[in-house]
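Trainee: The structure follows.
The values are calculated or read from the model by the stated rules, or taken from the named source; none is laboratory data. Given the structure is predicted, the values throughout are model-derived calculations rather than measurements. Every residue, glycine as well, gets a Cβ built from its backbone with ideal geometry; the counts of neighbours run over all protein chains shown.
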Amino acid sequence: MQARYKGVFPVVPTTFTESGELDLPSQLRCVDFMIDAGSTGLCILANFSEQFLLSDDEREVLTSAILKHVAGRVPVIVTTTHFGTWVCAERSRRAQDRGAAMVMVMPPYHGATLRASEEKIFEFYAALSDAIDIPIMIQDAPMSGTPLSVAFLARMAQEIKQVSYFKIETAGAASKLRELIRLGGDAIEGPWDGEEAITLLPDLDAGATGAMTGGAYPDGIRRIMDAYTAGNREEAVAEYTRWLPLINYENRQGGILTAKALMKAGGIIACEAPRHPFPAMHPEVREGLLETARRLDPLVLRWGK
């Protein structure tokens with residue numbers, strides 16, 4: 001199958017004011033920066049967008065404002081995850097109507113213990129597929145606490161029309177990607193890497209064609225992806241080695257707030273704070289993050305100045 005979407009699709013952080021309201025001017029500057037920095041596409045309302053801190057009305061505001069502002073410059077994936085099948089289907093329909101290129105959805109879960117059976121997960125994604133005409137990306141992430149076997153993922157790809165992209169973020173991602181491609185064949189249109197690109201190089205070796213990372217330095221991730229795609233694996237290894245300290249800092253230290261901390265330092269957004277009760281980044285972690293980033297001189301530290 002010819003993949004419709006490949007490349008670097010970083011997650012757009014959600015920007016708030018100091019008092020916790022949505023900051024749409026900062027939000028749109030953030031989007032402009034991410035496109036200027038080389039993003040092949042964008043993903044909104046994901047976990048790294050602090051989607052769990054947003055109301056349904058705010059999701060609608062952000063989806064409409066961002067898609068209107070992007071205006072087709074790059075494709076946009078909208079995360080529509082919800083435990084309820086019909087709620088998720090309706091979210092997905094609305095995202096499609098506003099111009100989303102794809103929706104990304106974790107399997108249904110709620111809290112630490114509420115999970116769906118494999119049969120119900122299949123029915124869940126089949127109902128989403130029936131509701132829309134754009135691809136569905138299954139986000140296979142530890143946060144859902146839902147084991148998704150390779151055989152089950154491949155079956156959904158083969159039997160559910162719109163299920164064709166997979167963001168694999170579980171342990172042993174490269175092995176899972178390799179086996180998914182083998183079992184799913186042409187039904188696997190988009191085998192993608194995630195988790196801030198911490199496993200990007202082995203995932204590319206396994207056949208990944210897309211990377212969904214944090215939003216602060218798509219210019220750095222593009223260096224790795226572009227070299228690899230061009231067949232220059234040694235250059236890709238060198239770039240991966242060069243950017244790995246910053247990737248590691250985001251993945252293991254700064255986490256969800258990394259992109260906003262770097263964007264605030266670069267003058268792109270006005271405030272890097274999360275919403276209560278999510279904790280702010282420790283000042284010493286922030287300083288270590290900035291020190292690591294300055295060695296690489298990414299566009300994020302220069303774009304807004």
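Trainee: Tell me which residues, restricted to segment 205-227, are touching a strand residue (DSSP E or B) at 6+ places or on another chain (Cβ under 9 Å), surrounded by 24 or more Cβ atoms within 10 Å (Cβ to Cβ) and part of a helix (DSSP H, G or I).
Mentor: P218, I221, I224, M225
Trainee: What about A265, is it under 20 Å from T199 (Cβ atoms) and of a type in the set (A, V, I, L, M, F, W, C)? It would help to see each step written out before you state the result.
Mentor: Details: under 20 Å from T199 (Cβ atoms): no; of a type in the set (A, V, I, L, M, F, W, C): yes.
Criteria not met by A265.
Trainee: Let me ask something else about it. Kindly check whether there is at least one residue in segment 93-112 that is on the phi > 0 side of the Ramachandran plot and at pLDDT 95 or above.
Mentor: There is at least one residue in segment 93-112 that is on the phi > 0 side of the Ramachandran plot and at pLDDT 95 or above.
Trainee: Considering only residues that are more than 21 Å from A197 (Cα to Cα), among the small types (G, A, S) and either modelled with pLDDT under 95 or surrounded by fewer than 22 Cβ atoms within 10 Å (Cβ to Cβ) (or both), which ones fall in segment 126-174?
Mentor: A126, A127, S129, A131, S149, A151, A154
Trainee: Tell me which residues, restricted to segment 246-305, are over 25 Å from P25 (Cα atoms) and hydroxyl-bearing (S, T, Y).
Mentor: Matches in segment 246-305: Y249, T292.
Trainee: If you don't mind, another one. Within segment 129-150, does at least one residue satisfy the condition of being in contact with a Cys (Cβ under 7 Å, 6 or more places away or on another chain), within 25 Å of V12 (Cα to Cα) and in contact (Cβ under 8 Å) with a residue 40 or more places away in the chain?
Mentor: No, because not a single residue in segment 129-150 is in contact with a Cys (Cβ under 7 Å, 6 or more places away or on another chain), within 25 Å of V12 (Cα to Cα) and in contact (Cβ under 8 Å) with a residue 40 or more places away in the chain.
Trainee: Just the residues that are more than 20 Å from L257 (Cα to Cα) and surrounded by 18 or more Cβ atoms within 10 Å (Cβ to Cβ), please, taken from segment 36-65. Let's see the steps before the verdict.
Mentor: If we filter segment 36-65 for residues that are more than 20 Å from L257 (Cα to Cα), which is where we start, we get 36, 38, 40-41, 56-57, 60-61, 63-65.
Result: G38, T40, G41, T63.
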